[in-house]
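Inspection log for the structure reproduced underneath, given as structure tokens.
The values are calculated or read from the model by the stated rules, or taken from the named source; none is laboratory data. All of these numbers come straight from a predicted model, not from anything done at the bench. We place every Cβ from the backbone using ideal geometry, glycine too, and count neighbours over all the protein chains shown.
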Amino acid sequence: MNKAKPYPDKILFDYGKQRTFTQDNNLQIALPIGGLGAGMICLNGYGGLQDFAIRNHPATSATPDGHGTTDAAFATLHIKGKKTITKLVEGPMPPEKIYNMGTKGQGFREGGFEGLPRFKNVNFQGEYPFGKVTLKDPNVPLQVNITGFNPFIPLDDENSSLPCAILEYTLTNRSQNKVDYDFAYHVSHLAAGVGNSKNSRNTPLSGGVYFHNTEHPNDESYGSATLTAIDHKPKTKAMWFRGGWFDSISALWREVSTGTFKTNAGNDSEELQGRNGGSIQLSGSLKKGESITYPILITWHFPNCHYTNPRPNNDSDDNTCCDANPSPPWRPFYAGIWNNAAEVATYIHKNYTSLRSRTQAFHDALFSSTVPNYVIDSVSANLGILKSPTFLRQENGNAWAWEGCFVENGCCAGSCTHVWNYAQAFPHLYPNIERSLREQELERTMDKYGHVTFRSALPDGDVGHGYHAASDGQLGGIMKVYREWQISGDLEWLKKMYPLAKRSLNYCIKAWDPDHKGILIEPHHNTYDIEFWGADGMCSSIYLGALAAFVQMARDVGKPNEAPFYEALGKKGAAYLDKHLFNGEYYYQKVQYKGLHNQSFAKYVAKVNRNSGEVDKLLKKEGPKYQYGTGCISDGVIGAWMAKIYDIPTAQNRIRTRRTLKAIFQHNFRHDLSDHACTQRPGYANGTDPGLLLCSWPHGNKPTLPFVYSDEVWTGIEYQVASHLIEEGLIKEGLTIVKAVRSRHNGRSRNPWNEYECGNYYARALASYAVLNSLAGFNYSRAKKTLSLSPKLQNKRFRTFISTATGFGTLTLTKTQLTIDMIEGELEVEKLSITGKRVKLAKPIHATAGKRAIVKL
């Protein structure tokens with residue numbers, strides 16, 4: 001029997017600098033740079049750009065070679081003088097990428113620049129939203145530092161949604177002599193249209209090049225892009241040499257490597273066939289020790305989105321099937337603000353100083369938190385999911401999301417409720433966006449009976465209701481209505497949502513607890529893509545949380561008379577859990593199919609006889625497939641976790657919840673998975689990797705066919721458990737799990753900025769944000785104007801980043817005082833609790849940006 005122990009203190013309490021990646025550990029790095037719902041480009045581990053997912057769908061570089069070329073953006077540096085030298089401003093390409101298991105069997109025919117001479121040494125450091133690359137070469141007198149980012153400003157969703165990538169190139173003279181140089185940046189035509197290079201157009205733009213096309217204005221490929229230098233006036237080549245084969249890059253390299261860069265206005269090509277692109281060049285001189293920074297800006301704008309969910313029927317009567325150029329069903333959020341990429345570029349040029357400094361201020365506040373370095377690493381790294389193609393946003397501001405991303409398509413549509421249940425960053429950093437998801441669930445995907453379809457429509461609209469509701473997703477959504485109310489303090493919004501939440505909850509009771517036992521017992525669908533039959537601890541814990549949340553909401557909207565039934569049901573369910581589903585160590589499931597209202601399985605197996613097939617005989621022997629039974633499931637008390645971090649007073653037994661958490665760590669955490677058998681999807685954690693299994697059966701009785709992902713390791717569930725362990729005082733156990741997750745994402749085997757599950761940039765990993773708040777013991781209710789801070793780490797001076805609906809900043813706690821520093825916005829507090837004790841306030845606290853509040857303790 002596995003009995004895991006936490007890592008030693010020396011490993012767990014590391015407050016040093018963030019990791020630096022070099023050599024083999026640069027292989028998988030791809031840090032997302034893009035806007036909320038606006039697409040992204042990734043900065044890779046050796047200083048280049050890849051994964052141009054800028055056209056409203058995922059796009060990664062992990063595709064086989066073809067006869068054509070791919071999107072490209074790259075910098076070159078030419079050192080002038082007697083001994084000239086020219087380099088691609090990137091580090092060595094990892095050798096594993098060259099052949100890449102045969103996908104590059106044509107010789108790596110991608111951007112066309114990959115074979116150019118490179119810097120010899122590179123290291124990468126990521127502190128999201130910034131990615132930083134350092135390039136050195138003994139034969140190059142200039143060191144190059146690259147900082148890539150997109151504006152990330154909590155609460156300012158408009159400026160955080162800019163469709164752009166910003167790359168700051170800092171050149172520093174490390175030699176003893178003055179150095180003359182040409183620095184150039186080159187971008188292929190990012191808006192060339194589809195399959196017709198004659199439609200691409202290039203126009204000089206102040207500071208660079210404007211790329212656009214002559215496709216129909218409703219076409220999905222219609223759009224634009226720009227390449228510019230901020231606060232500098234470069235020479236501009238608005239159009240590359242147009243020819244076949246490798247002509248464009250060959251001609252371009254000849255110019256930059258010989259110091260003969262030729263400018264043009266984009267209209268002097270002999271013909272429009274062939275590969276297209278544009279370049280800018282900046283020349284200068286640096287004396288010994290001098291530096292200069294060139295901010296390079298790439299913007300994009302593709303206003304037409306033709307993907308819908310569900311897909312329209314072929315017999316649609318809206319005439320789109322017969323229209324060669326139908327209007328797009330929806331447009332991205334940024335398309336309602338800017339008309340093209342040039343407007344985006346102009347806006348950023350005018351506001352660059354502010355956008356840069358505000359993003360830096362957010363970064364500095366987050367990374368000033370006095371928690372172990374790998375905790376901030378996990379919290380910050382997964383914020384990239386918000387900037388990835390996983391998240392989409394419509395022109396009206398409403399959110400919609402995938403679960404994750406495959407190579408060229410999204411994975412698992414519809415803002416899946418039971419996956420986004422785990423995500424905790426949006427409600428704190430961009431609460432208005434998160435509220436749109438609650439409205440999506442209850443206003444547009446719920447029918448008159450209360451059935452919530454757990455995959456929503458895109459664009460906004462009705463959905464079908466012919467499939468299971470997801471018990472964990474629907475009940476979790478009710479808890480999140482309460483969370484959003486506490487964060488926003490918007491009572492009118494709560495009054496609007498309250499009757500909808502009531503309808504949803506009543507549906508859940510009727511569907512899964514028709515006998516009012518306070519427990520989910522009828523077959524109930526869940527995040528493991530199957531139905532649990534019989535009473536189970538996991539989903540029932542969310543049920544208890546939803547009942548408790550509704551009781552609080554009923555009182556808050558002035559309808560306390562509607563609370564008693566649900567309150568009594570919650571207490572009844574908590575007693576049932578303790579009496580029937582607790583084995584002394586943890587809560588489990590009692591698989592049941594007889595005696596239920598749903599008799600479908602019982603009737604089916606009643607027909608099984610000795611002539612039946614092996615599948616039917618197995619069902620007759622063990623009951624429904626895909627259960628966990630007496631297993632110790634890591635999600636076993638997830639509802640109690642949600643209740644804890646949302647500050648909902650659930651009736652679930654806290655002592656037994658803590659025992660369950662302790663058992664989950666002891667039985668499910670593995671320091672080494674070498675002897676663990678996984679026939680499912682082992683790529684998330686395998687071999688010598690550490691990780692928390694989704695489930696184990698420490699006392700035997702594992703079903704022949706347990707729930708389908710049971711032997712896997714998912715980071716979102718690891719963070720959920722880690723946060724809950726910390727909340728319940730099992731701090732070292734929680735930190736051990738977080739440390740294990742980040743050790744697996746080491747840059748060589750996995751990307752540190754992409755904790756994938758069923759697809760890249762998987763939403764469930766956003767549970768990592770909760771770990772920071774749990775370590776801080778932080779909770780703020782704008783509705784009540786109450787602030788609680790109860791740090792779990794014994795630091796003499798504890799600091800944590802906070803973000804609320806009205807502002808973001810830091811809290812700093814010592815033995816004698818609490819200091820509130822708001823970087824933007826404000827924070828109002830009427831009731832204060834420190835380490836569980838009420839602090840008497842002479843008057844309410846009102847901290848604002850630039851005016852800190854100090855409370856003597």
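List the helices (runs of 4 or more DSSP H) that sit entirely inside the stretch 498-616 and contain at least 3 residues that are touching a Ser or Thr at 6+ places or on another chain (Cβ under 6 Å). Break it down into steps so the answer makes sense when it comes.
Details: elements: 537-556, 564-580, 600-606.
Result: 537-556.
If I filter the stretch 708-722 down to residues being among the charged types (D, E, K, R) and outside any helix (DSSP H, G or I), which single residue comes out as nearest to residue 646 (Cα to Cα)? The extreme case among them is 712.
On the given criteria, is residue 300 assigned by TED's automatic domain parsing to the domain that holds residue 166, in a helix (DSSP H, G or I), in contact (Cβ under 8 Å) with a residue 40 or more places away in the chain and surrounded by 18 or more Cβ atoms within 10 Å (Cβ to Cβ)? Full working, then the answer.
Values: assigned by TED's automatic domain parsing to the domain that holds residue 166: yes; in a helix (DSSP H, G or I): no; in contact (Cβ under 8 Å) with a residue 40 or more places away in the chain: yes; surrounded by 18 or more Cβ atoms within 10 Å (Cβ to Cβ): yes.
It is false that residue 300 is assigned by TED's automatic domain parsing to the domain that holds residue 166, in a helix (DSSP H, G or I), in contact (Cβ under 8 Å) with a residue 40 or more places away in the chain and surrounded by 18 or more Cβ atoms within 10 Å (Cβ to Cβ).
Residue-level analysis places residue 29 among those that are in contact with a Pro (Cβ under 9 Å, 6 or more places away or on another chain), outside the structural domain of residue 229 (by TED's automatic domain parsing) and surrounded by 15 or more Cβ atoms within 10 Å (Cβ to Cβ). For residue 20, indicate whether it is over 26 Å from the mean Cα position of the chain (by Cα) and either surrounded by fewer than 19 Cβ atoms within 10 Å (Cβ to Cβ) or among the charged types (D, E, K, R) (or both). No, not satisfied. Looking across the stretch 663-702, just one residue is over 18 Å from residue 1 (Cα atoms), in a helix (DSSP H, G or I) and in contact with a strand residue (DSSP E or B) (Cβ under 8 Å, 6 or more places away or on another chain), and that is 684. Quick check on the stretch 756-763. Is at least one of its residues under 25 Å from residue 640 (Cα atoms), outside any helix (DSSP H, G or I), over 13 Å from the mean Cα position of the chain (by Cα) and assigned by TED's automatic domain parsing to the domain that holds residue 643? There is no residue in the stretch 756-763 that is under 25 Å from residue 640 (Cα atoms), outside any helix (DSSP H, G or I), over 13 Å from the mean Cα position of the chain (by Cα) and assigned by TED's automatic domain parsing to the domain that holds residue 643.
Taking the numbered list (1) surrounded by fewer than 22 Cβ atoms within 10 Å (Cβ to Cβ); (2) under 20 Å from residue 126 (Cβ atoms); (3) of a type in the set (Gly, Ala, Ser); (4) in the same structural domain as residue 106 (by TED's automatic domain parsing) in turn, residue 66 passes all entries but (2).
Got a sec? Which of 562, 585, 567 is farther than 29 Å from residue 496 by Cβ and either modelled with pLDDT of 95 or more or in contact with a Pro (Cβ under 8 Å, 6 or more places away or on another chain) (or both)?
Details: 562 fails: farther than 29 Å from residue 496 by Cβ; 567 fails: farther than 29 Å from residue 496 by Cβ.
Residue meeting the stated conditions: 585.
Quick check: anything in the stretch 627-639 part of a helix (DSSP H, G or I), assigned by TED's automatic domain parsing to the domain that holds residue 421, among the hydrophobic types (A, V, I, L, M, F, W, C) and closer than 23 Å to residue 665 by Cβ? Within the stretch 627-639, one or more residues are part of a helix (DSSP H, G or I), assigned by TED's automatic domain parsing to the domain that holds residue 421, among the hydrophobic types (A, V, I, L, M, F, W, C) and closer than 23 Å to residue 665 by Cβ.
Only one entry of 511, 549, 568 meets the criterion of being among the aliphatic types (A, V, I, L, M) and closer than 21 Å to residue 784 by Cβ, and that entry is 549. On the stretch given as the stretch 21-53, residues that are within 27 Å of residue 669 (Cα to Cα) and either among the hydroxyl-bearing types (Ser, Thr, Tyr) or in contact with a Phe, Trp or Tyr (Cβ under 7 Å, 6 or more places away or on another chain) (or both) total 2.
In the set 498, 467, only one residue is of a type in the set (Ser, Thr, Tyr) and touching a residue at least 40 places away in the same chain (Cβ under 8 Å); that residue is 498.
Are there helices (runs of 4 or more DSSP H) fully within the stretch 404-492 with at least 2 residues that are of a type in the set (Val, Ile, Thr) and over 18 Å from the mean Cα position of the chain (by Cα)? List them.
Working: elements: 417-420, 426-429, 431-439, 471-488.
The helices (runs of 4 or more DSSP H) meeting that bar are 471-488.
So is residue 134 in contact with a Leu (Cβ under 7 Å, 6 or more places away or on another chain), assigned to a strand (DSSP E or B), among the β-branched types (Val, Ile, Thr) and not assigned by TED's automatic domain parsing to the domain that holds residue 427 or not? Against the criterion (in contact with a Leu (Cβ under 7 Å, 6 or more places away or on another chain), assigned to a strand (DSSP E or B), among the β-branched types (Val, Ile, Thr) and not assigned by TED's automatic domain parsing to the domain that holds residue 427), residue 134 does not qualify. Applying the condition of being assigned to a loop (DSSP other than H, G, I, E, B) and modelled with pLDDT of 95 or more to the stretch 1-13 and asking which residue is surrounded by the fewest Cβ atoms within 10 Å (Cβ to Cβ) yields 8. Scanning the stretch 379-421 for residues that are within 13 Å of residue 755 (Cβ to Cβ), small (Gly, Ala, Ser) and in contact with a Leu (Cβ under 9 Å, 6 or more places away or on another chain) returns 380, 381, 384.
Scanning the stretch 160-174 turns up no residue that is at pLDDT 95 or above, hydroxyl-bearing (Ser, Thr, Tyr) and either under 15 Å from residue 31 (Cβ atoms) or not assigned by TED's automatic domain parsing to the domain that holds residue 234 (or both).
Just to verify a result, which residue in the stretch 74-103, among those that are out of contact with any strand residue (DSSP E or B) (no Cβ under 8 Å at 6 or more places or on another chain), charged (D, E, K, R) and closer than 25 Å to residue 124 by Cα, is surrounded by the most Cβ atoms within 10 Å (Cβ to Cβ)? Break it down into steps so the answer makes sense when it comes.
Quick first cut of the stretch 74-103, residues out of contact with any strand residue (DSSP E or B) (no Cβ under 8 Å at 6 or more places or on another chain) only: 82-83, 94-103.
Add one more test, that the residue is charged (D, E, K, R), and what stays is 82-83, 96-97.
When the remaining residues are screened for being closer than 25 Å to residue 124 by Cα, the result is 96-97.
Details: 96: 12, 97: 18.
Among them, the one singled out is 97.
Pairing each residue of the stretch 604-622 that is closer than 12 Å to residue 704 by Cα with any residue that is part of a helix (DSSP H, G or I), provided the two are 6+ apart or on different chains, yields C-beta distances under 6 Å for 619/605. Criterion applied to 352, 374 was being surrounded by fewer than 18 Cβ atoms within 10 Å (Cβ to Cβ) and either in contact (Cβ under 8 Å) with a residue 40 or more places away in the chain or assigned by TED's automatic domain parsing to the domain that holds residue 441 (or both), and the one residue passing it is 352.
Is it the case that the stretch 502-512 has a residue that's in the same structural domain as residue 421 (by TED's automatic domain parsing), closer than 21 Å to residue 623 by Cβ and hydrophobic (A, V, I, L, M, F, W, C)? Looking through the stretch 502-512, at least one residue is in the same structural domain as residue 421 (by TED's automatic domain parsing), closer than 21 Å to residue 623 by Cβ and hydrophobic (A, V, I, L, M, F, W, C). Being touching a Lys or Arg at 6+ places or on another chain (Cβ under 9 Å), buried (at least 19 other Cβ atoms within 10 Å of the Cβ) and more than 30 Å from residue 339 (Cα to Cα) is a description that does not apply to residue 171. Taking into account only those residues within the stretch 211-242 that are crowded, with 19+ Cβ neighbours inside 10 Å and in contact with a Lys or Arg (Cβ under 8 Å, 6 or more places away or on another chain), which is nearest to residue 330 (Cα to Cα)? Once the filter is applied, the top-ranked residue is 223.
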